[in-house]
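The values are calculated or read from the model by the stated rules, or taken from the named source; none is laboratory data. The shown structure was predicted, so the numbers you read here are calculated from the model rather than taken from an experiment. With ideal geometry, Cβ positions are generated from the backbone for all residues, glycine too; neighbour counts draw on all protein chains shown.
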Amino acid sequence: MQRHHDHNDPIDDAFDALLAKAMAAYVAKQARLTDAEGAWHYDLVTGAFRLGADAYGFTPIATYVPERSSWLWGWANDAFPPLARERSARLKRLAQKTHYQIFNTAGFAVRREEIDELCALALHELEGLFVFKAKDQSPWMFLVIEEQSS
């Protein structure tokens, strides 16, 4: 995440360590998707996600409008049904853990190169399997894929 170049304190150091750990796990977990095949579908009402023949639960992270570089957390998206917003609200815990208020701020500008960092932190916090990125239309949707169901 981009910070002021002169700003460095123990909170920043702890955040940098968390981000490095989250990014390493994210890269490893995202490698699973290279082997995944088949059509995908998610249902915000039920929280069900299908990738090929596999079924999972998920938590929406956020939406992103590339034309405006606009990030909106899932918990703040009024277009999402209550279950999706409730599940996404767990990401607010990152504000307490990191002391960074972007996790309590509904929406803000994000450079494309920061998206993976936000996804990695969400994946780490939710202890998910991987992040699914639906970029087939605007806004883009980011989901933490969690437990596999039968």
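I'm told Arg111 meets every condition in (1) basic (Lys, Arg); (2) within 15 Å of Gly57 (Cβ to Cβ); (3) exposed (fewer than 13 other Cβ atoms within 10 Å of the Cβ) except one. Can you identify the failing condition by its number?
Of everything listed in (1) basic (Lys, Arg); (2) within 15 Å of Gly57 (Cβ to Cβ); (3) exposed (fewer than 13 other Cβ atoms within 10 Å of the Cβ), Arg111 misses just condition (2).
Which of the residues spanning region 22-58 are of a type in the set (A, V, I, L, M, F, W, C) and in a strand (DSSP E or B)? Before you say what the answer is, go through the steps one by one.
As a first pass, look at region 22-58 and keep what is of a type in the set (A, V, I, L, M, F, W, C): 22-25, 27-28, 31, 33, 36, 39-40, 44-45, 48-49, 51, 53, 55, 58.
Trp40, Ala48, Phe49, Leu51, Ala55, Phe58, listed by residue number.
Do you know which of the residues in region 124-144 that are over 16 Å from Gly57 (Cα atoms) and of a type in the set (D, E, K, R) is modelled with the highest pLDDT?
Of everything passing the filter in region 124-144, Lys135 is modelled with the highest pLDDT.
Of the residues that sit in region 52-106 and are crowded, with 19+ Cβ neighbours inside 10 Å and hydroxyl-bearing (Ser, Thr, Tyr), which one is nearest to Arg32 (Cα to Cα)?
To start, the set of residues in region 52-106 that are crowded, with 19+ Cβ neighbours inside 10 Å comprises 56, 58-64, 71-75, 77, 80, 84, 87-88, 91, 94, 98, 103.
When the remaining residues are screened for being hydroxyl-bearing (Ser, Thr, Tyr), the result is 56, 59, 63-64, 88, 98.
Details: Tyr56: 14, Thr59: 18, Thr63: 22, Tyr64: 23, Ser88: 23, Thr98: 28 Å.
That would be Tyr56.
Applying the selection to region 15-59, what residues are touching a residue at least 60 places away in the same chain (Cβ under 8 Å) and among the acidic types (Asp, Glu)?
Asp54
So the check is Cβ under 6 Å with 6+ separation or different chains; which pairs have a first residue in region 86-113 that's of a type in the set (S, T, N, Q) and a second one that's surrounded by 12 or more Cβ atoms within 10 Å (Cβ to Cβ) and not in a helix (DSSP H, G or I)?
Partner pairs satisfying both residue conditions: Ser88/Thr59; Ser88/Pro60.
Just a yes or no: is a residue in region 104-123 small (Gly, Ala, Ser), assigned to a strand (DSSP E or B) and modelled with pLDDT under 95? Can you show your working first?
Of all residues in region 104-123, those small (Gly, Ala, Ser) come to 106-107, 109, 120, 122.
Still in the list and also assigned to a strand (DSSP E or B): 107, 109.
Now drop any that are not modelled with pLDDT under 95, which leaves none.
Looking through region 104-123, none of the residues is small (Gly, Ala, Ser), assigned to a strand (DSSP E or B) and modelled with pLDDT under 95.
With the structure loaded, tell me whether Ile61 is hydrophobic (A, V, I, L, M, F, W, C), over 20 Å from Val131 (Cβ atoms), touching a Phe, Trp or Tyr at 6+ places or on another chain (Cβ under 9 Å) and not in a loop (DSSP other than H, G, I, E, B) or whether it fails that test.
Details: hydrophobic (A, V, I, L, M, F, W, C): yes; over 20 Å from Val131 (Cβ atoms): no; touching a Phe, Trp or Tyr at 6+ places or on another chain (Cβ under 9 Å): yes; not in a loop (DSSP other than H, G, I, E, B): yes.
So Ile61 does not fit the description; no.
Has region 114-134 got at least one residue that is in contact with a helix residue (DSSP H, G or I) (Cβ under 9 Å, 6 or more places away or on another chain), hydrophobic (A, V, I, L, M, F, W, C) and more than 19 Å from Leu33 (Cβ to Cβ)? Before the answer, list the steps.
Here is the first cut: in region 114-134, the residues in contact with a helix residue (DSSP H, G or I) (Cβ under 9 Å, 6 or more places away or on another chain) are 116-126, 128-133.
Now restrict to residues that are hydrophobic (A, V, I, L, M, F, W, C): 118-123, 126, 129-132.
Filter once more, keeping what is more than 19 Å from Leu33 (Cβ to Cβ): none.
Scanning region 114-134 turns up no residue that is in contact with a helix residue (DSSP H, G or I) (Cβ under 9 Å, 6 or more places away or on another chain), hydrophobic (A, V, I, L, M, F, W, C) and more than 19 Å from Leu33 (Cβ to Cβ).
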